[in-house]
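Okay, so here's the structure we're looking at.
The values are calculated or read from the model by the stated rules, or taken from the named source; none is laboratory data. Bear in mind that the values here come from a model prediction, so they are computed numbers and not experimental data. Cβ coordinates were reconstructed from backbone atoms using ideal geometry, including for glycine residues, and neighbour counts include every protein chain displayed. Remember, those area values only see protein heavy atoms, side chains included, never the ligands or the DNA or RNA. Shrake-Rupley method; radii C 1.70, N 1.55, O 1.52, S 1.80 Å.
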Amino acid sequence: MAPTRDAEATKARIFAAATAEFAAHGIAGARIDRIAREAKANKQLIYAYFGDKAELFRQVVQHAMLDLAAAVPPDPENPDGYLDRLMAYHAERPELLRLMLWEGLEYGSGGFEVQREQERREYYAAKAAAFAAAQEKGAIERYLPPEHLVFIISALAGWPIAVSQFRNLLVGETEEDAAQLRESLRTAVRRLTGTGGS
């Protein structure tokens with residue numbers, strides 16, 4: 001049993017080190033040597049577990065997305081609360097946003113092979129299905145497709161963290177500025193879903 005526990009602990013350290021490395025440097029700039037050093041793991045072991053650097057990046061993104069899914073499940077009947085929880089998650093753990101920005105920059109914006117495409121589609125479809133179910137029961141308005149609602153709420157939650165310099169220059173840098181922006185975003189989500197707010 002001990003070897004299995006050791007292998008899992010090593011993989012966890014590798015995931016943590018790789019997440020930080022890819023978030024900071026992107027795919028091209030990341031170095032397996034640095035990941036191995038931070039994870040206190042043999043470089044060859046990383047290749048044995050994960051294959052090449054591109055595959056390690058794919059698995060890191062997938063792991064980060066699963067972490068978000070577990071930490072912040074969709075809550076379409078309380079959409080502004082869902083927005084709040086997404087924003088809090090991204091503020092605490094901005095790595096997923098950074099990974100996705102790097103993915104977009106390095107793999108292009110169209111015609112490229114999305115990493116783990118089918119799994120990603122299913123992940124997003126499950127979120128959209130939750131919003132569709134809420135629409136069906138009349139808990140939220142139906143004038144926007146559920147897929148669009150997921151996209152818009154995700155964008156509203158992530159953009160202030162992903163481009164914090166834009167937020168600071170336009171909206172302001174104080175905690176009060178951040179609180180006012182959050183309330184504006186909450187109002188926007190309530191309007192989009194027809195759940196109140198003026």
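Please determine whether any residue of segment 21-31 is open to solvent by 60 Å² or more (accessible area, probe 1.4 Å), under 28 Å from Thr195 (Cα atoms) and free of Cβ contacts under 8 Å to residues at least 60 places away in the same chain.
Applying the first criterion (open to solvent by 60 Å² or more (accessible area, probe 1.4 Å)) to segment 21-31 yields 24-25, 28, 31.
The next check asks that each one be under 28 Å from Thr195 (Cα atoms); those that pass are none.
Within segment 21-31 (the criterion being open to solvent by 60 Å² or more (accessible area, probe 1.4 Å), under 28 Å from Thr195 (Cα atoms) and free of Cβ contacts under 8 Å to residues at least 60 places away in the same chain), the answer is no, since none of the residues qualifies.
Looking only at segment 128-144, how many residues end up being of a type outside the set (A, V, I, L, M, F, W, C) and open to solvent by less than 80 Å² (accessible area, probe 1.4 Å)? Please lay out each step first, then the result.
Filtering segment 128-144 for residues of a type outside the set (A, V, I, L, M, F, W, C) gives 135-138, 141-143.
Now narrow it down to the ones that are open to solvent by less than 80 Å² (accessible area, probe 1.4 Å): 135, 138.
Selection size over segment 128-144: 2.
Of Tyr82, Tyr123, which residue is under 20 Å from Val150 (Cα atoms) and touching a Pro at 6+ places or on another chain (Cβ under 8 Å)? Spell out how you get there, then give the answer.
Numbers: Tyr123 fails: touching a Pro at 6+ places or on another chain (Cβ under 8 Å).
After ruling out the rest, the residue left standing is Tyr82.
Sort out which residues of segment 33-60 are at pLDDT below 95 and either in contact with a strand residue (DSSP E or B) (Cβ under 6 Å, 6 or more places away or on another chain) or β-branched (Val, Ile, Thr) (or both), and write them in order of number.
Hits for segment 33-60 are Ile46, Val60.
Take the residues in segment 41-58 that are within 16 Å of Glu106 (Cα to Cα) and crowded, with 17+ Cβ neighbours inside 10 Å, then tell me which one is farthest from the chain's Cα centre (by Cα).
Among them, the one singled out is Lys53.
Being surrounded by fewer than 15 Cβ atoms within 10 Å (Cβ to Cβ) and over 29 Å from Arg31 (Cβ atoms): is that true of Pro73 here? First the steps, then the outcome.
On the way: surrounded by fewer than 15 Cβ atoms within 10 Å (Cβ to Cβ): yes; over 29 Å from Arg31 (Cβ atoms): yes.
In short, yes.
Taking the options Ala17, Ala12, name whichever one is open to solvent by 20 Å² or more (accessible area, probe 1.4 Å), over 30 Å from Leu185 (Cβ atoms) and free of Cβ contacts under 8 Å to residues at least 40 places away in the same chain. Before the answer, list the steps.
Details: Ala17 fails: open to solvent by 20 Å² or more (accessible area, probe 1.4 Å).
Just one listed residue meets the conditions, Ala12.
Considering (1) in contact (Cβ under 8 Å) with a residue 12 or more places away in the chain; (2) over 14 Å from the mean Cα position of the chain (by Cα), say which one Ala157 fails and leave the rest.
Ala157 satisfies all of (1) in contact (Cβ under 8 Å) with a residue 12 or more places away in the chain; (2) over 14 Å from the mean Cα position of the chain (by Cα) except (2).
In segment 109-126, is there at least one residue being of a type outside the set (A, V, I, L, M), surrounded by 13 or more Cβ atoms within 10 Å (Cβ to Cβ) and at pLDDT 95 or above?
Our first condition is that a residue be of a type outside the set (A, V, I, L, M); within segment 109-126, this holds for 109-113, 115-124.
Imposing the further condition that a residue be surrounded by 13 or more Cβ atoms within 10 Å (Cβ to Cβ) reduces the set to 115-116, 119-120, 123-124.
If we keep only those that are at pLDDT 95 or above too, we end up with none.
No, there is no match, as no residue in segment 109-126 is of a type outside the set (A, V, I, L, M), surrounded by 13 or more Cβ atoms within 10 Å (Cβ to Cβ) and at pLDDT 95 or above.
Six or more apart or on different chains, Cβ under 7 Å: which pairs go from a residue in segment 56-83 that's over 25 Å from Thr187 (Cβ atoms) to one that's open to solvent by 30 Å² or more (accessible area, probe 1.4 Å) and not in a helix (DSSP H, G or I)? Could you list them?
Within 7 Å, the pairs are Arg58/Arg116; Gln62/Arg116.
Failed condition for Ala179, given (1) touching a residue at least 60 places away in the same chain (Cβ under 8 Å); (2) loosely packed, with under 15 Cβ neighbours inside 10 Å; (3) hydrophobic (A, V, I, L, M, F, W, C), with all others met?
With (1) touching a residue at least 60 places away in the same chain (Cβ under 8 Å); (2) loosely packed, with under 15 Cβ neighbours inside 10 Å; (3) hydrophobic (A, V, I, L, M, F, W, C) applied to Ala179, the lone miss is (1).
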